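Worksheet: one structure, shown below.
The values are calculated or read from the model by the stated rules, or taken from the named source; none is laboratory data. As the structure is a prediction and not an experimental result, all values here were calculated from the model. Note that we place each Cβ from the backbone using ideal geometry, even for glycine, and neighbour counts take in every protein chain shown. The protein model used for the area step is the full one, side chains on, heavy atoms only, and it has no ligands, DNA or RNA in it. Shrake-Rupley method; radii C 1.70, N 1.55, O 1.52, S 1.80 Å.
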Amino acid sequence: MQHVSDLRMAGLPGAARLALADGVVHLDPASAVFEAMLEGWATQQRARFLKVNTIGPRLELVRRFAAFTNQYPWQWEPAEAEAFITHSPVAVSTARNYQNTLRLFCGYASDARYGWAAKCLEQFGSAPRQILDEWNTVAHVTEYEGQPHRRPLTYDEVQALFDAADGRVEEIRSRGRKGALAAQRDAALLKTVYAFGLRRREAWGLDLADLRHNPQARQFAGYGAVFVRWGKSSNGSPPKRRTVLTVPEMDWVVPALRQWIEEIRPLFTPGAHPALWVTERRGRLSRRAINEAFDEARDAAGLDPVLDLHCLRHSYITHLIEFGYPERFAQDQAGHSYASTTAIYTGVSDEFRNRLLVAALRERHGRALEDEP
């Protein structure tokens, strides 16, 4: 039975017997085992269908930690992990991410099923062990630990942003410079991001075919909904998909999109390229360029420089609630799995809360409230 168990362990993705070739003598055994251990961990994560952009940073962090300690995993102690976090000038959420990554790696390396502990004990006289636990990691005590500058824009700020984006078009034209078409594209893009509450990647991945009719809102024609195919995914899963409906309060986005698609986009001569947002080189607009479009409009509008593109998504969700839509509708529009996530994004204004308060007082006290001086 023990032999059968060993064979099963050896067949696990990332097992030491698969990552290290038998009978090979290495000039630097410690370094060879460490590299094989990292490759084995990468294999184990790939077997769980984790993304490359998840696995890569994790491996890089483990390498950074090893360089910081000048030790190998079978030599690490809790004190090294604590010193590493102490000397890393990062936000609380980033520190927790570092700790979680190191804890995952130590859990993998010390798991008997993968054989690394036995291999290291046999070759180096010590084995990897878990060096991070509840007693030396950051406690998760609040629901939201993001940057404080992540806040919804006010209605006036949204209007100022769009006015600045439109103003850039006229400014470029008046100076006789190139770039007016790109400025028009950027203005339409920012309006679309806000009007549908899109993440950057979601806006980047839109194709012309993703603009849909809504039979219940025929007045919007082919702009009654947007089919999002590049929603934020969970670990080991493909991007989530959802349909975001055009709401009447955002119907101004319809002529903006129509003008972009029918009049401006053809001037880029994109040919058969499917992307909604294209460049002068007839390719898909990059995600970095989307950020830059927001930054330029924000600076031109004189808004707080700490505001970023994602604040438009916060604004959209908040404004849906202020328009009177149910929380569940806002959650579905945003593509959130949990209502608590939508609540984190929501930051209704004092004016809105006062309107609710006055309405509640009137409902309870009737005309008596209005008769008071």
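Of the residues making up the stretch 94-103, those that are open to solvent by 40 Å² or more (accessible area, probe 1.4 Å) and farther than 15 Å from GLU77 by Cα are THR94, ASN97, ASN100. Please work out which residue is farthest from PHE196 (Cα to Cα), limiting yourself to the stretch 235-265 and to residues that are surrounded by fewer than 20 Cβ atoms within 10 Å (Cβ to Cβ) and among the small types (Gly, Ala, Ser). The extreme case among them is GLY236. Is it the case that GLU280 is part of a loop (DSSP other than H, G, I, E, B) and either surrounded by 15 or more Cβ atoms within 10 Å (Cβ to Cβ) or touching a residue at least 12 places away in the same chain (Cβ under 8 Å) (or both)? So GLU280 fits the description; yes.
Scanning the stretch 152-163 for residues that are of a type outside the set (Asp, Glu), assigned to a helix (DSSP H, G or I) and open to solvent by 20 Å² or more (accessible area, probe 1.4 Å) yields a count of 3. Filtering the stretch 266-277 to residues that are within 27 Å of the chain's Cα centre (by Cα), open to solvent by 20 Å² or more (accessible area, probe 1.4 Å) and touching a residue at least 60 places away in the same chain (Cβ under 8 Å) leaves only PRO274. If only residues of the stretch 322-336 that are touching a residue at least 24 places away in the same chain (Cβ under 8 Å) and out of contact with any helix residue (DSSP H, G or I) (no Cβ under 6 Å at 6 or more places or on another chain) are counted, the one that is most open to solvent (accessible area, probe 1.4 Å) is ASP332.
Inspect all residues belonging to the stretch 45-52 and state whether any of them is assigned to a loop (DSSP other than H, G, I, E, B), open to solvent by less than 60 Å² (accessible area, probe 1.4 Å) and in contact (Cβ under 8 Å) with a residue 24 or more places away in the chain. Checked against the condition, which is being assigned to a loop (DSSP other than H, G, I, E, B), open to solvent by less than 60 Å² (accessible area, probe 1.4 Å) and in contact (Cβ under 8 Å) with a residue 24 or more places away in the chain, the stretch 45-52 yields at least one hit.
Any idea how many residues of the stretch 164-221 are within 23 Å of PRO152 (Cα to Cα), charged (D, E, K, R) and either touching an Asp or Glu at 6+ places or on another chain (Cβ under 6 Å) or open to solvent by less than 10 Å² (accessible area, probe 1.4 Å) (or both)?
1
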